[in-house]
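Remarks on the structure that follows.
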Amino acid sequence: MKDASRLLRVLLRVSEKAANIARVCRQDKALFALLVQEKSADEKNPRFFQDFKTLADVLIQETIRHDIGLEFPELTGAVRGEENNVFSNTLGETITVKICSSLQKTAELLKKVLDDDETVAELLSKEVHRDIEMSDVPVDSTNVPMDFEVDISDLGIWIDPIDSTADYINGGEVIDDTTGLHLSGLRCVTVLIGAYFKSSGLPVMGVVNQPFFTQENGTEWKGTCYWGFSNGSSSCCSIHNEEDNKNKIVLISRSENPSIKSKLSEAQFQIIEAAGAGYKLISVASGKADAYLLSKNSTYRWDLCGPHSILLSQGGGIVDFEKSTSGVDYCDAIIRYSHVDTKVCNEGGLIAFKKKKTLDDLLNIF
Ligand code: 2IP
Ligand code: CA
């Protein structure tokens, strides 16, 4: 099997492991309350008065980093995530959360973060060290090609361990009756992993895992998963029987500016306010919406890289809102990823689309 195919399989398997951890952490209310802690002021998303950092978040990120490193040691230093893995307990001690060489050692470390709660530490460590097969991933694994090729040393990786943390914590479910799109709640939670070329800054391979997709027997959650690969002329993704809506649906943030909303409405676009950058992006990729437009600086590179690869593999993409609406060339307006850049915020907002015509229609309005 070629390297890129092997890496894609690793990303799919570890995204499922991440989804398992996310599900396990939500099962027990007491455990869940215990896992939540506040972010320090300088880590906060500017939009939120208060944001959450959970051990689940950090643990998932470190698990993804660890498992990628096991198969591709050369990528260990190239994996970056949203979260800071330095965790503080109630006593003010600081612990660096990392995955150890055995279940016992990881449990020992987690125990320290969990105020000596051995049961919980072992439960989590068991998930972290569980072997996940391709057949465990909720995606048609027979469709994952064996011949994807890339220069592994040219790759950088972005992880968002749990996107839409607020929905992960608050749960619930609000669905738009006409489109079936989820406006908030657990469906909007995603695990995002994306690889990009350090040389061009373009995304190449991405996985989006939705841990809370359907609920069986009213209790047990099952997830779903998407992937995309795009390297020049070789493009492929897991989405085939996509829905083709004819309603000009644009997904926006619940905090979008009123002036942007009125412009879209005047141009006969149906606007839907939904949570989760990853959820909005995968809804565009799967054809439930035509675009995701954001005029603000409230997303980061890790929110986009994974789903961006999927959109690119479909002939779509993500451009900077400010640049593209002020006449900057398409090529220069494309959101790119950099390994050296410390600027991780998507300052100029974004427009994500699957069909170039949708982008052109939107640019005509602004
Ligand atoms: C958030 C999350 C929010 C989104 C915000 C992201 O990531 O996806 O839902 O805001 O831009 O950065 P909105 O829902 O208004 O689009 P996280 O949950 O990881 O902080
Ligand atoms: Ca996010």
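The values are calculated or read from the model by the stated rules, or taken from the named source; none is laboratory data. All of these numbers come straight from a predicted model, not from anything done at the bench. Cβ placement follows ideal geometry from the backbone for every residue including glycine, while neighbour counts extend to all protein chains displayed. Accessible surface is based on the protein model in full, side chains and every heavy atom, while ligands, DNA and RNA are left aside. Shrake-Rupley method; radii C 1.70, N 1.55, O 1.52, S 1.80 Å.
Here the Debye sum runs over all C-alpha atoms of the chain as equal scatterers in vacuum, and log10 of I(q)/I(0) at q = 0.08, 0.10, 0.13, 0.14 Å⁻¹ comes out as -0.37, -0.58, -1.01, -1.18. Each residue of segment 280-296 was assigned a 3J(HN,Hα) from its phi angle through the Karplus expression (A = 6.51, B = -1.76, C = 1.60, θ = phi - 60°), giving 5, 5, 6, 5, 5, 4, 8, x, 7, 9, 8, 7, 10, 10, 9, 8, 10 Hz with x at Gly and Pro. Taking the convex hull of the alpha carbon positions in segment 46-201 and averaging its projected area over all directions gives 12.8 nm².
The C-alpha atoms of the chain define a longest principal axis, and helix 55-71 lies at about 90 degrees to it.
Beyond 19 Å in Cα-Cα separation lie the following of the pairs K246/K356; K17/K343; K296/K343; K105/K126; K17/K198: K17/K343; K17/K198. Phi angles of segment 138-153 translate, via the Karplus equation with coefficients 6.51, -1.76, 1.60 and θ = phi - 60°, into HN-Hα couplings of x, 8, 6, 6, 5, 8, 8, x, 9, 10, 6, 10, 8, 8, 4, 5 Hz per residue; Gly and Pro are given as x. If you fit an axis through the alpha-carbon atoms of helix 356-365 and take the longest principal axis of the Cα set of the chain, what angle between them do you get, 0 to 90°, nearest 10? For helix 356-365, the angle is close to 70 degrees.
Relative to the dominant Cα principal axis of the chain, helix 103-113 is inclined by about 80°.
Here the Karplus curve 6.51 cos²θ - 1.76 cosθ + 1.60, taken at θ = phi - 60°, turns the phi angles of segment 209-223 into couplings of 10, 10, x, 10, 9, 9, 10, 8, 6, x, 10, 7, 7, 10, x Hz, with x standing for Gly and Pro. Scaled against 2.2 N^0.38 Å for its residue count N, the alpha carbon radius of gyration of segment 115-222 is 1.35.
Report summary: the helix-based calculation at 222 nm, which adds -39500 (n - 2.57) for every DSSP H run with n ≥ 4 and divides by the residues of the chain, gives -10500 deg cm²/dmol. When peptides 61-67, 159-165, 229-235 are ranked by their average number of other Cβ atoms within 10 Å per residue, the highest-first order is 159-165, 61-67, 229-235.
Surface calculation, 1.4 Å probe, protein heavy atoms: F269 sits at approximately 20 Å² accessible.
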